[in-house]
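Q: Below you'll find the structure I mean.
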Amino acid sequence: NMDEARIWQQRAMKMIDTIFATCGRAGLKAMWEMVGVDCGPVRAPLSKARPEQIAELRKRLEAIGYFDWCASKLQLAV
């Protein structure tokens, strides 16, 4: 379903832009922790995102609907 694929691609682009605008690569770990997925610590040469960065990331993810996407049930045709 190309229409659904476009929607998810647009969401992915918004999510990636949001992560890199706030925390950079360390934001990936922070983002997954927010939804209960423990990916372990950030490894060198990266440093863990600062609390204020994580707070801003959460705020921006909420604004784009990220947590709603995570809660929705994906129904993909395989």
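The values are calculated or read from the model by the stated rules, or taken from the named source; none is laboratory data. Small disclaimer: the values here were computed from a predicted structure and weren't measured. Note that each Cβ is placed from the backbone with ideal geometry, even for glycine, and that neighbours are counted across all protein chains shown.
Q: Here's a check for you: in segment 24-78, which residue that is modelled with pLDDT of 90 or more and of a type in the set (S, T, N, Q) is farthest from Lys14 (Cα to Cα)?
A: Ser47
For every residue, the table says whether it meets (1) within 15 Å of the chain's Cα centre (by Cα); (2) surrounded by 14 or more Cβ atoms within 10 Å (Cβ to Cβ); (3) assigned to a loop (DSSP other than H, G, I, E, B).
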{"residue": "Lys14", "(1), (2), (3)": "yes, yes, no"}
{"residue": "Thr18", "(1), (2), (3)": "yes, yes, no"}
{"residue": "Gly27", "(1), (2), (3)": "yes, yes, no"}
{"residue": "Cys39", "(1), (2), (3)": "yes, no, yes"}
{"residue": "Ala49", "(1), (2), (3)": "yes, yes, yes"}
{"residue": "Gln53", "(1), (2), (3)": "yes, yes, no"}
{"residue": "Glu56", "(1), (2), (3)": "yes, yes, no"}
{"residue": "Arg60", "(1), (2), (3)": "yes, yes, no"}
{"residue": "Trp69", "(1), (2), (3)": "yes, yes, no"}
